[in-house]
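Values quoted throughout were computed directly from the atomic coordinates according to the rules given, and no laboratory measurement underlies them. It should be emphasised that the depicted structure is a prediction, and the values quoted were computed from it without experimental measurement. We place every Cβ from the backbone using ideal geometry, glycine too, and count neighbours over all the protein chains shown.
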Amino acid sequence: MRLSHLGIFHTIIGVAAIVAAVISLIKNGKIDLSKLTGKIYFYCTLITSLTALGLSSVKGVNPGHILALLVVLLILAAYFLYANKQGSNRYRFIENFSLTFSFFLSLIPTVNETLSRVPVGHPWASGPKDPLIGKTLLLFFILFIIGSVLQFRKQKRINKPI
């Protein structure tokens, strides 16, 4: 299956978002909007989610569109908290969770599309219901839960008055 020009653009920007998020999570323990990697994640994820609305093999609104809109809402909410609630550390919990959850949600179509297309001609998975996709998403969900707990604990230490 060939990709359209929009699909190629969407994929390139989406890969940049994922790489930026992974780097930010490794270096900072969170997707930090004050850092370059956080900004790259934010803008690339916004573009990727919006371009996803123009990509579909079926007509009309589908679950992928809803997922893309949810990701947009999560990153916009996080950006609002980052930009407007700087003095309040308790909003960092919501900001951190929103960005990390948006990253996890972005991995759902990423895993499905990647495993259903790679390697070309003999993909690892047959489609969204393939057990490999389910197991991979379960692994990412467990990592998301562990990462969220660690972020919460770290933010709680940061918020604690000295």
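List every DSSP H helix in the chain whose Cα atoms extend 15 Å or more along the helix's own long axis and whose mean Kyte-Doolittle hydropathy is at least 1.6.
Helices passing the filter in the chain: 5-28, 63-84.
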In Å, the C-alpha Rg and Dmax of the chain are 16.7, 59
Report Rg(Cα)/(2.2 N^0.38 Å) for region 72-134, keeping two decimals. 1.60
Computed FRET efficiency, Cβ-Cβ of Val118 and Leu6, R0 22 Å: what is it to the nearest 0.05? 0.65
Express the relative contact order of the chain as a whole percentage, based on alpha carbon pairs under 8 Å and six or more residues apart in sequence. 17
Base-10 log of normalised Debye intensity for region 1-55 (one unit scatterer per alpha-carbon) at q = 0.13, 0.22, 0.31 Å⁻¹: -0.33, -0.73, -1.09
Grab the eigenvalues of the alpha-carbon gyration tensor for region 40-83, scale each by 5, take roots, and send me the semi-axes largest first in whole angstrom. 23, 11, 5
When the label point is put 7 Å from the Cα of Ser34 along its Cα-to-beta-carbon vector, which residues of region 67-109 have a backbone N closer than 12 Å? 82-83, 86-89, 92
Taking alpha-carbon centroids only, region 115-151 lies from region 1-53 a number of Å equal to 18
Using R₀ = 45 Å, calculate the FRET efficiency as 1/(1 + (r/R₀)^6) where r is the Cβ-Cβ separation of Asn84 and Lys135; round to 0.05. 0.65
